[in-house]
Amino acid sequence: MNKIKSLIKYSFVATSLALVLALALVLCLAPAPAALAQSGFKPLSDDEYRLYVENFPQYAAAEERLQRAWKILKASAPKDTQDAYLKDQRNWIKNGRHLRAGQLYRQSFSRVEAFTIATDERSAYLEDAVARETGSRPNMPIKPVAPEPAWTPEPARAPEPARAPEPAWTPEPARDQEPVRAPDPMPVPMPDPKPEPKQPPKIKILKNVKK
């Protein structure tokens, strides 16, 4: 009976190590964080992390689920696999979370939605690891999340008053054409006046002069 338990325990350990190696291989083949940074998707900064935890209930619940699963896994995993799990978890925080969120972001999810989904997926992975180590899936209550406010459509805007149509263009009435004037008659050249005949000069007749 003890031999069967030992075989089951070591089979769980071998399976866990195989999954860890498979995940590491996937991360190695995935695009580097620098490639995502060049595409415009930045990693999750500390300030952004605190902002999401304090202001987005869905992300806060996903993060709480992740922390609980990790604590249970560290407490239940045998010592020979704890180092492998710890290394894998650190690698996920450094690269895996960012890579997965970048893939979701390119699928039209917002940043906070992308990191929330990536965190939930990691939590499910750790819960599966707990089930392999302990033989049962942990029952980890999740803090109830307040529902997001329902979307309400904007009130319909009052229609703008109809504008009076612009008056149709009417052509200007044709102007009366001025009557065509007859051309001025050509001037008739006048004949040159005839020169008056020259009269011979008058000769004075001298009377007899006394000598």
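The values are calculated or read from the model by the stated rules, or taken from the named source; none is laboratory data. These numbers come from a predicted model, not from an experiment. FYI the Cβ positions are ideal-geometry reconstructions off the backbone, even for glycines, and counts take in every protein chain you see.
Only one of the numbered conditions (1) of a type in the set (D, E, K, R); (2) under 25 Å from residue 41 (Cα atoms); (3) free of Cβ contacts under 8 Å to residues at least 60 places away in the same chain is not met by residue 88, and that is (3).
I'd like to check something: does region 13-35 contain any residue that is part of a helix (DSSP H, G or I), at pLDDT 80 or above and either of a type in the set (Gly, Ala, Ser) or loosely packed, with under 14 Cβ neighbours inside 10 Å (or both)? No, region 13-35 contains no residue that is part of a helix (DSSP H, G or I), at pLDDT 80 or above and either of a type in the set (Gly, Ala, Ser) or loosely packed, with under 14 Cβ neighbours inside 10 Å (or both). Annotation: residue 143 fulfils all but one of (1) of a type in the set (D, E, K, R); (2) closer than 30 Å to residue 75 by Cβ; (3) at pLDDT 65 or above; the unmet one is (3). Is there a residue being in a helix (DSSP H, G or I) and either on the phi > 0 side of the Ramachandran plot or over 39 Å from the mean Cα position of the chain (by Cα) (or both) anywhere in region 107-118? No, region 107-118 contains no residue that is in a helix (DSSP H, G or I) and either on the phi > 0 side of the Ramachandran plot or over 39 Å from the mean Cα position of the chain (by Cα) (or both). Restricting the search to region 118-138, which residues are within 18 Å of residue 57 (Cβ to Cβ) and either among the basic types (Lys, Arg) or crowded, with 19+ Cβ neighbours inside 10 Å (or both)? Matches in region 118-138: 118, 119, 123. How about region 77-93: which of its residues are out of contact with any helix residue (DSSP H, G or I) (no Cβ under 9 Å at 6 or more places or on another chain) and farther than 22 Å from residue 118 by Cα? Listed by number, the residues that qualify are 79, 83.
For the criterion of being modelled with pLDDT of 90 or more, in a helix (DSSP H, G or I), closer than 18 Å to residue 126 by Cβ and of a type in the set (D, E, K, R), residue 63 passes.
Residues of region 77-106 that are among the charged types (D, E, K, R), under 25 Å from the mean Cα position of the chain (by Cα) and crowded, with 20+ Cβ neighbours inside 10 Å: 97, 100.
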